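What follows draws every value from the coordinates through simple rules; no lab data is involved. Just so it is clear, the structure is predicted and the values come from calculations on it, not from any experiment. Cβ coordinates were reconstructed from backbone atoms using ideal geometry, including for glycine residues, and neighbour counts include every protein chain displayed.
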Amino acid sequence: TRASAGSCGREHDLIISPFFDNSCIPVDHLLTVSLFSFAFCLALSCSLSVPLSCACCRCLMHIPAADSTPASLKVPSHSPYLLIGGGTASFAAARSIRARDPGARVLIVTDEPDLPYMRPPLSKELWFSDDPSVTETLRFKQWNGKERSIYFQPPSFYINSEELASAENGGVAVLTGKKVVHMDVRGNKVKLDDDTEISYDKCLIATGGVPRNLQVIERAGEEVMKKTTLFRKIEDFKSLDNVSRNAKSITIIGGGFLGSELACALGRRCKTTRQSGLEVIQMFPEKGNMGKVLPEYLSNWTTEKVKREGVKVIAEALVKSVTCKDDKLEIHLKDGRLVKTDHIVAAVGLEPNVDLAKSAGLEVDSDFGGYRVNAELQARSNIWVAGDAACFYDIRLGRRRVEHHDHAVVSGRLAGENMTGASKPYWHQSMFWSDLGPDVGYEAIGIVDSSLPTVGVFAKATAKDTPKAATEKSGTGIRSESETEDTATSPVASVTPLPPVAHKDDYGKGVIFYLRDKVVVGIILWNVFNRMPIARKIIKDGEEHADLNEVAKLFNIHED
Amino acid sequence: MSSVRQEGKDKIIFVTKEDHETPSSAELVEEDPNDPYEERGLILPNGEINWNCPCLGGMASGPCGTEFKDAFSCFHYSKEEVKGSDCLEQFRAMQECMQRYPELYPQEDEKSSSKTSQDSTEESGANSTSASEQDSNTSQPDTESTAES
């Protein structure tokens with residue numbers, strides 16, 4: 001498991017901890033940091049504790065939580081740096097700008113009522129919390145046991161918008177509850193929904209997206225819409241949490257990351273004593289969970305895991321219509337099946353928000369959606385786009401649009417660098433991860449599309465291993481379940497004779513390569529952690545490798 | 001012994017620990033330590049501090065970012081025997097700033113009680129510092145040549 005993997009299980013955004021925990025500091029930084037921290041202590045004759053303890057690399061910072069009361073709502077007429085959107089990409093850009101431009105004045109404008117926060121815990125960690133007030137505190141336990149808030153920073157980190165122009169060292173101000181509705185590129189200014197205008201020198205568009213809905217639900221009328229959740233924001237989490245405490249049956253439509261994570265979270269919740277009465281159904285058109293991401297054998301394996309989390313999975317399900325009858329929803333599938341449920345969660349994708357394209361005269365990509373930008377994330381002079389809404393040119397992998405948290409961090413940071421004169425292309429490949437409950441996880445990087453040919457290399461269980469011993473050794477907790485797995489249905493083509501012990505297909509640990517024209521364009525690390533740098537290197541190289549088993553050796557999959 | 005199976009376009013290989021014990025024959029492209037596109041660690045190849053290093057978290061960008069940068073820069077370039085001893089003002093300014101934002105930089109109460117033993121703390125501190133400075137002299141070449149992980 002991540003915890004037993006030693007230092008930061010997830011790479012990226014390591015936080016130095018001068019005074020406490022050195023395990024997360026990369027070796028080449030360690031000496032500098034520890035000398036600095038010691039000198040600091042020495043100079044002050046007391047130690048100053050700066051709580052930069054090792055944060056889960058998925059998060060930008062480890063700061064104690066505070067409430068989300070937003071800063072002042074007064075609108076400044078000008079901001080040198082204007083960031084449209086208050087999500088992960090925008091926050092990463094703000095931090096990058098402040099790091100590189102001393103005293104920079106940065107204004108974030110968001111139509112949400114909340115300060116910038118991270119999204120992944122909304123469909124994962126927050127659901128595993130034992131704290132009954134979690135919907136208020138929005139705090140969760142990271143993989144390393146330490147607690148933090150989903151907010152990147154508490155309110156005291158930000159300055160008031162009124163103070164932005166005069167603050168001696170600049171700062172970051174957040175304008176909440178305001179929507180940018182019009183962009184004047186020639187005049188370098190935007191207009192808000194209250195008709196006020198803000199001019200800028202450099203602008204970032206990080207507007208993210210809006211959850212898609214099924215047409216059949218939109219057409220089904222208000223009664224059905226009222227019992228449907230489109231999941232994206234804090235308010236959606238609170239609403240679904242509330243529904244899950246009262247409903248008898250919830251159906252998730254969608255078999256991708258969000259749908260599967262929510263299904264597992266709700267399924268796990270119904271296994272605990274609090275929610276023993278809740279039925280959790282998940283339905284999707286594919287043959288198995290993550291059918292568009294994982295090769296079929298692994299998608300099947302994953303689906304079995306999802307079922308063990310207490311979810312009733314209905315695969316190959318196409319929704320024909322949805323009606324509301326006697327205060328219950330009736331989902332009619334095209335194959336004639338009928339599913340009755342109290343509430344629907346539609347997790348069928350994200351529509352990137354390109355509302356400003358028209359007024360700004362910005363190009364929208366017809367293949368991937370989103371604003372079309374170059375390799376340096378620039379749309380026009382003085383305008384950059386980052387995060388879910390950016391369709392960018394990836395030098396290695398080609399034009400793409402990525403909807404993951406780490407990409408928002410990486411692209412936001414890059415946009416911030418380029419807004420302060422760096423002129424760097426998208427080069428450091430972002431990663432993503434998914435958890436199927438707290439015991440099983442995988443990390444991925446690059447293009448991970450199940451339609452590509454794949455080569456999966458898995459650690460074989462030996463005859464000596466008992467399921468229990470293997471579980472304890474690897475910490476994955478899967479072996480015990482693998483006994484009842486279905487074996488593959490395709491004919492076996494063995495290169496070497498199989499060992500006498502007939503092992504079931506046990507995809508406990510391994511690495512899967514995704515190939516395009518014989519080059520590895522994507523990698524999944526299946527229950528192995530701490531190996532992302534080597535995966536990133538292989539993708540960056542873009543070489544043709546004759547034997548991927550040799551490449552797999554670089555990952556040491558048999559070690560923890 | 002490894003076993004290989006093909007399911008349509010997907011190849012599945014199972015390998016034992018022994019199978020993977022022999023060194024890999026896969027070739028990786030040599031890293032360019034001066035590649036301008038690469039993400040850098042805390043210290044750039046030219047010796048400057050990378051304020052945008054993810055490892056710094058929000059230290060360089062928060063309300064005390066300027067004070068932090070001043071203190072850390074001073075320390076980094078300090079040539080004193082006790083490194084950073086010429087940076088007391090900057091450290092103090094940083095601490096003062098951080099104390100104004102206890103939410104962002106919580107203080108540990110028990111450590112600030114030893115005002116009277118200030119001299120002895122500095123003495124023992126000085127001894128330790130010179131010891132670690134010795135360490136730093138011997139290990140510095142390694143530090144500088146380590147590729148960014």
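Using every pair of distinct Cα positions in region A:112-174, the Kirkwood expression returns a hydrodynamic radius of 13.4 angstrom.
This ranking places B:Val29, B:Val15, A:Val385 by how few other beta-carbon atoms lie within 10 Å of each, fewest first, which gives B:Val29, B:Val15, A:Val385.
Sparse packing (at most 12 other Cβ atoms within 10 Å of the Cβ) combined with a DSSP loop state is found for the following trypsin sites (Lys or Arg not before Pro) in region A:220-287: A:Lys248. Considering only Cα-Cα distances, which of the following residue pairs are longer than 20 Å: A:Lys537/B:Lys11; A:Lys305/B:Lys11; A:Lys124/A:Lys146; A:Lys518/A:Lys553? The answer is A:Lys537/B:Lys11; A:Lys305/B:Lys11. In plain terms, the bigger the Kirkwood radius, the slower the diffusion; for region B:58-106, with that radius from Cα pairs, at 10 °C and 1.306 mPa s, Stokes-Einstein puts D at 145 µm²/s. Cα-based Rg of region A:317-388 per 2.2 N^0.38 Å, rounded to two decimals? Cα-based Rg divided by the globular estimate yields 1.78. Can you give the FRET efficiency for B:Leu28 and A:Cys324, using 1/(1 + (r/R0)^6), R0 = 51 Å, r = Cβ-Cβ distance, to the nearest 0.05? Taking R0 as 51 Å, the efficiency between B:Leu28 and A:Cys324 is 0.30. Spin-label pair A:Asp131-A:Phe368: with each label point 7 Å from Cα along the Cα-Cβ axis, the two points sit 3.7 nm from one another. Neighbouring Cβ atoms from other chains, within 10 Å of the Cβ of residues in B:60-71, number 6 on average.
A Cα-only calculation for region B:9-89 places Rg and Dmax at 21.7, 65 Å.
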